[in-house]
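This structure is in structure tokens; I'll ask about it shortly.
The values are calculated or read from the model by the stated rules, or taken from the named source; none is laboratory data. Remember, it's a predicted structure, so these values are computed and weren't measured experimentally. Backbone-built Cβ (ideal geometry, glycine too); neighbour counts: all protein chains shown. These accessible areas exclude ligands, DNA and RNA; they are computed on the full protein's heavy atoms, side chains included. Shrake-Rupley method; radii C 1.70, N 1.55, O 1.52, S 1.80 Å.
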Amino acid sequence: MALAGAVLFVRLDFFRSNFVLNLTAICLVFFALGFNLIKLRTFCVDKPMIHSSMGPVTLEGKLIQIEGGNNGNRLRIQVGAVSGLPLADTPKFVRVTQRNNTQLSPGRLLRCLVFLSPPPKQILDTDYNFRRQAFFQQLGGVGFVLGECKPIGVVNLKQPNAFEQLQDKIAASRHAIALHIYKVIGPQAGGMAAAMITGERSLLTSREQELLRSVGLAHLLAISGLHMGLAAGVFFFLIRTSIPYFEWITLRVPVQKVAAFGAILGATTYLVMSGASVATQRAYIMALIALVAILFDRPAFSLRSVLVAMFIVLILQPETVVTPGFQMSFAATAALIAMYENWPRNKSSGKWGKLSNWISSLVATSVTASLATAPFAAFHFGRIAPLSIPANLMVMPIISLLSAPVASLALLAWPLGIQDPFLVAFGASLNKVLEISQFVSQISVDGSVTLVTPLIFGCLVLGIGLSIVFDSWFKTLAIIPIIIALGFAYFQKAPIAHVDEQGIIYLAQGNRWVRILPQGMRKKPLAPLSIKDKLEEGNIESYLNPVWIDNPEYNVSVNQELCTPRFLENENIDDFSYLRLSRGNSNICLPVGRTEQASRFTVLSRGNTLSVRYWGGGHQKRPWSD
């Protein structure tokens, strides 16, 4: 927030008389404001979390949301009671997976037999912190359903107020609309169509999600800036072109202001209908600011409006500043606005000139958005989509010129009951999108990247920020931190082994990873997010039995042959097995066992040199940690 305040200060030219002093003061003020906001937010959302696995237990509550998952429907349930759990320790929400598709609609009271566990912690410090996200979403437990959840008539929940009753009706309507869309369009693109219109992904297959993610088109599934911008733009265009036919209105009211007001109503309807997720709320705020600017004869798109939208989001949901969605959406939006502010004004005329302008702007938009978001994808997800630019160039004309207009017409025609022809056309356009995605995926290469450190990420973000904020030749200063980041990346060491706090060993084998479990561990553990997609299915059951793994690049062994680091001189060395890695003349021998010092570390490799990075004895104390 301090950084946003500083940028707003620079852009608005405040207090030029003593620039440095006032810039420092405003940074300190916003820095303190940010701390107080997150503290207040933490206090407001603090609800009980389950601290240990339990089950089978009977869970009663109200179905809030249905999501798609690899193993079935994910049901988000507002908890009324959990058998054997005191009311004071009962979480507000839980998320459980049901293997069979549920026949219940959001808002329905239900009873389930479930196994519950605490929200999973970070396995590696470089992984995304799901438990922090769960804390701010008031999600106190996750698990799975035995059999199916059954509808019931009464639950130990307080009587919903009028607003909550309206939310339940909207959620049920969204689910019914999603089912109708899927039925009309069919299974090939029906799930994607339902996700884009209603925000419900329960009908979307994991194969489709992975396909779109691998080619850089996953942003089509999240109702965010693209969808809200297209929806508001379509409503604005339809009203703007229709108003001149009503002479009385045209002569008395500015046409574009009427169109802006209508677009606000349309965008608000889309917000409510799509479930009003955090990403959708953020996109709505940005669209609303742009449309309100038109009402007051101000520039609709500027960096000032982006900063105002950022302030509003940070005030309402300050925790989102560390989430990939927040960072990528604002980075892409700010970069696109900065690009168009510097776009040449001498546009070509004529049919071919207009076509040339449209193609060049499409290419520039795809390249700018992809480059602006690539560092965030590499840092948070450990992967980029190498062919995301050509994929977006082929897909976005279909989305902008066909999918968005017919989807908007379907929504407008829904009250009249004539939406199906538009839905069929919408589905046909998305079939083409999936076909293009499949083609690009087949010719694409692996987009995995080596561990991006916070230092490299910070330099890349600084470079993007300088290129956005500065004008004219000052933008060239952005090259300096980007070159520094590339230099650090060149000398970056690649991880070849991880050991987590449970003593589980993860070893790299080429482009894949294998997992070695401690003796006695029966439950299949969750894998680190950064290597989850590359983890072999089988496990080596126990490292108390000697394990030798030969790789072309290095050798690995795990056994109880003694090696004693200095910090273990006072420990019982019989309690440990030892992980040995060798590459060239470099050898490392580390204990994996019961000490805090050795419990969490990563072995890194570059050339013939091996090194160890310790993650410390445990996680920092946070409201969402144990």
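Do we find a residue being over 12 Å from LEU217 (Cβ atoms) and open to solvent by 50 Å² or more (accessible area, probe 1.4 Å) anywhere in region 387-394? Working first, answer last.
Applying the first criterion (over 12 Å from LEU217 (Cβ atoms)) to region 387-394 yields none.
No, region 387-394 has no match at all.
Now for a separate question. If you check ALA178, ALA189, ALA195, ALA162, which single one turns out to be open to solvent by 40 Å² or more (accessible area, probe 1.4 Å), out of contact with any strand residue (DSSP E or B) (no Cβ under 7 Å at 6 or more places or on another chain) and farther than 20 Å from VAL79 by Cβ? Spell out the reasoning first.
Values: ALA178 fails: open to solvent by 40 Å² or more (accessible area, probe 1.4 Å); ALA189 fails: open to solvent by 40 Å² or more (accessible area, probe 1.4 Å); ALA195 fails: open to solvent by 40 Å² or more (accessible area, probe 1.4 Å).
Just one listed residue meets the conditions, ALA162.
Going by the structure shown, is ALA335 open to solvent by less than 20 Å² (accessible area, probe 1.4 Å) and under 27 Å from ILE239 (Cβ atoms)? Give the derivation first.
Details: open to solvent by less than 20 Å² (accessible area, probe 1.4 Å): yes; under 27 Å from ILE239 (Cβ atoms): no.
So ALA335 fails the test.
Can you run down the residue pairs with Cβ atoms below 8 Å, 6 or more apart or on separate chains, where the first is in region 147-171 and at positive phi and the partner is surrounded by 12 or more Cβ atoms within 10 Å (Cβ to Cβ)?
GLY147/LEU113
While we're here: Working carefully through the options VAL440, VAL499, find the one that is within 23 Å of ARG583 (Cβ to Cβ), at pLDDT 80 or above and surrounded by 12 or more Cβ atoms within 10 Å (Cβ to Cβ). Talk me through it step by step, then tell me what you get.
On the way: VAL440 fails: within 23 Å of ARG583 (Cβ to Cβ).
Within the list VAL440, VAL499, the selection yields VAL499.
I've got another one for you. When you look at GLY84, is it at pLDDT below 90, open to solvent by 60 Å² or more (accessible area, probe 1.4 Å) and small (Gly, Ala, Ser), yes or no?
On the way: at pLDDT below 90: yes; open to solvent by 60 Å² or more (accessible area, probe 1.4 Å): yes; small (Gly, Ala, Ser): yes.
Yes: the conditions hold for GLY84.
Is it true that some residue in region 274-286 is open to solvent by 50 Å² or more (accessible area, probe 1.4 Å) and among the basic types (Lys, Arg)?
no
Are any residues in region 602-619 of a type outside the set (Ser, Thr, Tyr) and either open to solvent by 30 Å² or more (accessible area, probe 1.4 Å) or at pLDDT below 75 (or both), and if so, which ones? Show your work before the answer.
The initial filter retains those residues of region 602-619 that are of a type outside the set (Ser, Thr, Tyr), namely 603-604, 606-608, 610, 612-613, 615-619.
Within region 602-619, ARG606, GLY607, ASN608, VAL612, ARG613, TRP615, GLY616, GLY617, GLY618, HIS619 qualify.
Hey, any hits in region 165-174 for a residue that's closer than 30 Å to TRP615 by Cα and either surrounded by 16 or more Cβ atoms within 10 Å (Cβ to Cβ) or out of contact with any strand residue (DSSP E or B) (no Cβ under 9 Å at 6 or more places or on another chain) (or both)? Reasoning before the result, please.
Let us first name the residues in region 165-174 that are closer than 30 Å to TRP615 by Cα, namely none.
Checking region 165-174: not a single residue is closer than 30 Å to TRP615 by Cα and either surrounded by 16 or more Cβ atoms within 10 Å (Cβ to Cβ) or out of contact with any strand residue (DSSP E or B) (no Cβ under 9 Å at 6 or more places or on another chain) (or both).
Within the set of pairs 6+ apart or on separate chains, which have a first residue in region 513-524 that is under 11 Å from GLY503 (Cβ atoms), a second that is at pLDDT 75 or above and open to solvent by 50 Å² or more (accessible area, probe 1.4 Å), and C-beta atoms under 9 Å apart?
LEU517/GLN502; PRO518/GLN502; MET521/GLN502
Report, ordered by the first and then the second residue, all pairs with beta carbons closer than 6 Å, sequence separation of six or more or different chains, a first member in region 117-129 that is under 12 Å from PRO528 (Cβ atoms) and charged (D, E, K, R), and a second member that is open to solvent by less than 40 Å² (accessible area, probe 1.4 Å) and assigned to a loop (DSSP other than H, G, I, E, B).
From region 117-129, the pairs are ASP127/PRO528.
Within region 1-14, is there a residue that is at pLDDT 80 or above and charged (D, E, K, R)? Spell out the reasoning first.
From region 1-14, those at pLDDT 80 or above are none; that's our starting set.
Checking region 1-14: not a single residue is at pLDDT 80 or above and charged (D, E, K, R).
Among the residues of region 427-446, are any touching an Asp or Glu at 6+ places or on another chain (Cβ under 8 Å) and either at positive phi or in a helix (DSSP H, G or I) (or both)? Even if it seems obvious, please write down each step before you answer.
Taking region 427-446 first, the residues touching an Asp or Glu at 6+ places or on another chain (Cβ under 8 Å) are 434.
Keeping just the survivors that are either at positive phi or in a helix (DSSP H, G or I) (or both) gives 434.
Yes, because at least one residue in region 427-446 is touching an Asp or Glu at 6+ places or on another chain (Cβ under 8 Å) and either at positive phi or in a helix (DSSP H, G or I) (or both).
Sort out which residues of region 108-125 are within 29 Å of ILE170 (Cα to Cα) and either under 23 Å from the mean Cα position of the chain (by Cα) or part of a loop (DSSP other than H, G, I, E, B) (or both), and write them in order of number. Spell out the reasoning first.
Here is the first cut: in region 108-125, the ones within 29 Å of ILE170 (Cα to Cα) are 108-114, 116, 119.
The answer is ARG108, PRO119.
If you take the residues of region 447-456 that are open to solvent by 30 Å² or more (accessible area, probe 1.4 Å) and part of a helix (DSSP H, G or I), which of them is nearest to PRO187 (Cα to Cα)?
As a first pass, look at region 447-456 and keep what is open to solvent by 30 Å² or more (accessible area, probe 1.4 Å): 448-451, 454-455.
Now restrict to residues that are part of a helix (DSSP H, G or I): 454-455.
Values: PRO454: 42, LEU455: 44 Å.
Once the filter is applied, the top-ranked residue is PRO454.
Pull up region 43-72, narrow it to residues that are part of a helix (DSSP H, G or I) and out of contact with any helix residue (DSSP H, G or I) (no Cβ under 8 Å at 6 or more places or on another chain), then point me to the one that is most open to solvent (accessible area, probe 1.4 Å).
Looking only at region 43-72, we keep the residues that are part of a helix (DSSP H, G or I), and these are 43-45.
Then drop every residue that is not out of contact with any helix residue (DSSP H, G or I) (no Cβ under 8 Å at 6 or more places or on another chain), which leaves 43-44.
Details: PHE43: 163, CYS44: 82 Å².
For region 43-72, the residue satisfying everything is PHE43.
Sticking with this one: For residues that are more than 18 Å from LEU211 (Cβ to Cβ) and assigned to a helix (DSSP H, G or I), tally how many sit in region 372-417. Before you say what the answer is, go through the steps one by one.
At the first step, the residues of region 372-417 found to be more than 18 Å from LEU211 (Cβ to Cβ) are 372-376, 378-380, 382, 397, 400-402, 404-417.
Then keep just the ones that are assigned to a helix (DSSP H, G or I); that gives 372-376, 378-380, 397, 400-402, 404-416.
Total satisfying the criteria: 25.
Sticking with this one: Test PHE474 against the criterion of being free of Cβ contacts under 8 Å to residues at least 24 places away in the same chain, in a helix (DSSP H, G or I) and over 25 Å from the mean Cα position of the chain (by Cα), and give yes or no. Quick ask: steps written out before the conclusion?
Values: free of Cβ contacts under 8 Å to residues at least 24 places away in the same chain: yes; in a helix (DSSP H, G or I): yes; over 25 Å from the mean Cα position of the chain (by Cα): yes.
In short, yes.
Right, next: List the pairs whose first member sits in region 410-436 and is touching a residue at least 12 places away in the same chain (Cβ under 8 Å) and of a type in the set (Phe, Trp, Tyr), whose second member is open to solvent by less than 60 Å² (accessible area, probe 1.4 Å) and outside any helix (DSSP H, G or I), and whose Cβ atoms are under 9 Å apart, counting only residues at least 6 apart or on separate chains?
As it stands, the answer is PHE426/ALA189, since those pairs meet every condition given.
Mind checking which pairs have a first residue in region 232-248 that is modelled with pLDDT of 80 or more and a second that is outside any helix (DSSP H, G or I), Cβ under 9 Å, 6 or more apart or different chains?
ILE243/VAL253
Taking the condition of a type outside the set (Lys, Arg), without any contact (Cβ under 8 Å) to a residue 60 or more places away in the chain and assigned to a helix (DSSP H, G or I), does ILE479 pass?
Details: of a type outside the set (Lys, Arg): yes; without any contact (Cβ under 8 Å) to a residue 60 or more places away in the chain: yes; assigned to a helix (DSSP H, G or I): yes.
For ILE479, the condition - of a type outside the set (Lys, Arg), without any contact (Cβ under 8 Å) to a residue 60 or more places away in the chain and assigned to a helix (DSSP H, G or I) - is met.
Another question about this same structure. Can you find a residue that is within 30 Å of PRO528 (Cα to Cα), open to solvent by 60 Å² or more (accessible area, probe 1.4 Å), of a type outside the set (Asp, Glu) and part of a helix (DSSP H, G or I) anywhere in region 352-371? Reasoning before the result, please.
Kept after step one, since they are within 30 Å of PRO528 (Cα to Cα), are these residues of region 352-371: 369-371.
With the extra rule that they be open to solvent by 60 Å² or more (accessible area, probe 1.4 Å), the set shrinks to 371.
From what's left, of a type outside the set (Asp, Glu): 371.
Going one step further and asking which of them are part of a helix (DSSP H, G or I), we end up with 371.
Yes, region 352-371 contains a residue that is within 30 Å of PRO528 (Cα to Cα), open to solvent by 60 Å² or more (accessible area, probe 1.4 Å), of a type outside the set (Asp, Glu) and part of a helix (DSSP H, G or I).
If you don't mind, another one. State all residues of region 142-163 that are at pLDDT 80 or above and either part of a loop (DSSP other than H, G, I, E, B) or more than 25 Å from SER53 (Cβ to Cβ) (or both); if no residue qualifies, say none. Let's see the steps before the verdict.
Here is the first cut: in region 142-163, the ones at pLDDT 80 or above are 142-153, 162.
LEU146, GLY147, GLU148, CYS149, PRO151, ILE152, GLY153, ALA162 - these are the residues of region 142-163 that are at pLDDT 80 or above and either part of a loop (DSSP other than H, G, I, E, B) or more than 25 Å from SER53 (Cβ to Cβ) (or both).
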